[in-house]
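Values in this text are rule-based calculations from the coordinates and carry no lab data. No experiment lies behind these values; they were computed from the predicted model shown. Reconstructed Cβ throughout: ideal geometry from the backbone, glycine too, with neighbour counts over all protein chains shown.
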Amino acid sequence: MAPTSSLCLFFLFLFSLPYSSFQERQHLAVDLLIDAVISAIGPINPGPEPPPPPAVPTPSPSPGSPLAPALFVLGDSTVDCGTNNYLGTFARADRPPYGRDFDTHRPTGRFSNGRIIVDYLALRLGLPFVPPFLGQSGEIEEMIHGVNYASAAAGILFLSGSDLGQHVSLTRQIQQVTDTFEQFALGLGEEAAADLVARSVFYVSIGSNDFIHYYLRNTSSVQSLYLPWEFNQLLATTVNEELKNLYNANVRKVVVMGLAPIGCTPHYLWQYGSENGECVDEINNVVIEFNYAMKYMVYVLNHELPGAMITFCDAFEGSMDILTNRQRYGFETTADACCGLGKYGGLIMCLLPEMACSDASTHVWWDEFHPTDAVNRILAENVWSGEHTTMCSPMHLRDMI
């Protein structure tokens with residue numbers, strides 16, 4: 001009990017500080033607490049110091065002119081490429097072994113061993129990797145090919161993920177998009193800026209934290225207020241309003257990514273005591289309902305908004321195809337995380353290089369919640385053209401541009 005009491009007093013002290021001092025000390029506190037957890041696990045070789053989020057070199061994109069002028073990304077840890085490196089939060093991927101198989105072989109803030117889905121899509125579009133908004137100076141040249149606003153732990157609802165520390169909420173991400181558009185209008189002129197926005201691709205991937213860090217935990221007794229289908233309707237309605245806000249800012253081409261099978265993640269296999277890696281159906285059933293609500297929302301928006309080209313891509317369907325046909329895709333395990341502790345590696349987040357397997361390409365899951373680079377590549381190919389299985393409706397990204 002003593003360590004817990006001391007920890008509580010520590011956080012009470014943090015909350016008594018002025019806001020600016022609190023932000024700085026919260027960031028420090030997270031670093032200290034993560035280091036304490038790492039030290040408790042055992043001796044480690046820390047390896048090279050993670051760099052501040054640099055400009056990431058991009059492999060040569062497809063030859064010729066880009067198929068879209070820019071790619072803009074909103075969402076959570078599924079597409080965060082470094083936003084949370086700047087925040088006081090446990091939801092950070094700025095330490096090894098994250099990024100070990102990335103192009104730089106160093107952690108960038110991506111929650112994977114390598115690339116995330118939007119990296120592969122950027123290359124398909126003939127664009128460079130999209131940089132995080134918080135890492136930019138505000139110069140148009142840095143943002144002209146796209147910006148990534150995604151923040152790990154963010155949810156559709158403001159409170160989702162708050163237990164992990166700071167994050168950039170979906171509402172705030174939309175405001176950052178607006179700020180970017182204002183910069184474009186000032187630097188390029190309103191007509192040119194509006195044309196750039198209309199021809200660009202917007203990718204939205206969010207919603208998992210509304211379940212992982214809110215509904216499934218019954219935070220604030222939310223389950224007594226909303227049945228699962230009512231909660232899903234609340235989420236879909238909220239996203240609907242945010243997509244309309246983007247449309248009113250002249251956004252026309254949007255990919256809305258559904259949720260993957262959360263009930264198949266190593267964390268929930270461990271938490272629910274799965275015997276042989278069977279997925280948790282009661283969780284997945286809620287995810288299926290959420291995806292259905294989002295798909296219907298996209299259908300309605302396409303009919304309501306003139307000129308809108310919005311597509312819904314069902315990450316659940318794409319992921320289940322991989323889990324069901326793992327041998328066809330070359331995966332040896334669909335249950336065990338490459339990096340983690342406990343049964344299935346679902347007990348604790350990936351903290352140390354020593355916790356990781358030697359070959360992530362044989363695993364579906366990189367850590368307790370996130371897929372490997374290999375899975376991200378397959379899903380990106382499905383979003384682009386349905387190469388392996390049809391995930392997107394009413395169109396693939398290739399058809400949109």
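Observations on the model:
- Put a dot 7 Å past the Cα of residue 390, heading toward its Cβ, do the same for residue 190, and the two dots end up 4.3 nm apart.
- In order along the range 133-142, phi translates into HN-Hα couplings of 4, 5, x, 9, 8, x, 6, 4, 4, 6 Hz, rounded to whole numbers, per the Karplus curve 6.51 cos²θ - 1.76 cosθ + 1.60 with θ = phi - 60° and x for Gly and Pro.
- Shown is the FRET efficiency for residue 278 and residue 218, computed with R0 = 30 Å from the Cβ-Cβ distance and rounded to the nearest 0.05: 0.80.
- Stretching the chain fully between residue 103 and residue 144 yields a gain of 12.5 nm (0.36 nm per residue, less the alpha carbon separation).
- Pair residue 327, residue 227: separation of 7 Å Cα→Cβ label points (nm): 4.2 nm
- Distance between the pseudo-spin-label points of residue 305 and residue 285 (7 Å out from Cα toward the beta carbon): 3.3 nm.
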